[in-house]
Amino acid sequence: MRDLKDMLVGLDPNFRYRGLDQTRIETFSDAVFAVAFTLVVLSSTVPETFTELRRSIHDIIPSFICIVLIVVIWYQHYVFFLRYGLQNTKTVTVNTFLLFLVLIYIYPLKFLARFLVELYSGLIFGMPDNFMDDFGGNMNSDNMTLLMTAYGAGATFIFLAMTWLYRHAYNRREDLKLNEYEIFATRVSLWQNLLMSSIPFLSTMIAFLHPFGHGALNFGFAGFIYMLYPPVMITFGYRVKKKSKKIFG
């Protein structure tokens, strides 16, 4: 980790990184993220029969999806502390809240990933009965709504916590002696995380308020909302790049 920080691989060369020395906050946070990885893997029981082995193989894709999403959150966390090196009480408080969210987010995330993989596999290979048996046959509209609400709320609060951290860094810009470019980059990260939180929030509202009824249609729309991520983030990145070029050349 120290070698990676010294090399600053893939990071913004125009930002003066103030957190090159790893702190106890980061060490503790990395341990929590490692626990989250462990929970993803250990959430599957050790197979004792060939049927259970087949089910564990089906768990590979959901586990991969979960790990990718955890890495996205970890990287955001890593860059923040590398940029600012903040260790004050507010930073510790918000960071603790973020780590708590990551840990409780694991189970609805893993369940939803497995649910969607099994659902589409059942539809593609024509085995909907096997799909329902795997989930105890109790995935009715109310349970689907609860699942989407739990997942969306977790994702919303995680990215809001990151937004809060960047807002705190922006408020401490004079103490940190951020230059004009670093202030701009901090505001970009703040708005980026706010946008990342807005999409699962919208999905949660659709799942909770049932604007399309209480059936599968409402569940489908709540899930489809996440398809907004690519166009929204690509458009945001394009506008940031255009504005950055205009200001800094």
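The values are calculated or read from the model by the stated rules, or taken from the named source; none is laboratory data. The structure presented is a predicted model; accordingly, all values stated were derived computationally and were not measured. Note: ideal-geometry Cβ built from the backbone for every residue, glycine included; neighbour counts use all protein chains shown. Each accessible area value is taken on the protein alone, full model and side chains, heavy atoms only, with ligands, DNA and RNA left out. Shrake-Rupley method; radii C 1.70, N 1.55, O 1.52, S 1.80 Å.
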Conditions (1) within 27 Å of F219 (Cβ to Cβ); (2) open to solvent by less than 20 Å² (accessible area, probe 1.4 Å); (3) modelled with pLDDT of 95 or more -> G152 fails only (3)
Confirm whether N95 is out of contact with any helix residue (DSSP H, G or I) (no Cβ under 7 Å at 6 or more places or on another chain), within 16 Å of A161 (Cα to Cα), modelled with pLDDT of 80 or more and among the polar types (S, T, N, Q). no
In region 206-249, which residues are modelled with pLDDT under 90, more than 18 Å from the chain's Cα centre (by Cα) and open to solvent by less than 70 Å² (accessible area, probe 1.4 Å)? I206, A207, H210, G213, G215, N218, F219, G220
List the pairs whose first member sits in region 200-218 and is among the β-branched types (V, I, T), whose second member is modelled with pLDDT of 75 or more, and whose Cβ atoms are under 7 Å apart, counting only residues at least 6 apart or on separate chains? T204/T149; T204/G152; T204/A153; T204/T156; I206/F221; I206/A222; I206/I225
Verdict on S197 being among the hydroxyl-bearing types (S, T, Y), under 21 Å from T96 (Cα atoms), in a helix (DSSP H, G or I) and open to solvent by less than 20 Å² (accessible area, probe 1.4 Å): yes
Filter region 5-26 down to residues that are modelled with pLDDT of 80 or more and open to solvent by 80 Å² or more (accessible area, probe 1.4 Å) and give me whichever is farthest from E180 (Cα to Cα). R24
Residues to consider are A185, A169; find the one that is over 24 Å from I234 (Cα atoms), touching a residue at least 12 places away in the same chain (Cβ under 8 Å), in a helix (DSSP H, G or I) and open to solvent by less than 20 Å² (accessible area, probe 1.4 Å). A169
Suppose the filter is farther than 21 Å from E174 by Cβ, touching a residue at least 12 places away in the same chain (Cβ under 8 Å) and in a helix (DSSP H, G or I); does F80 pass it? no
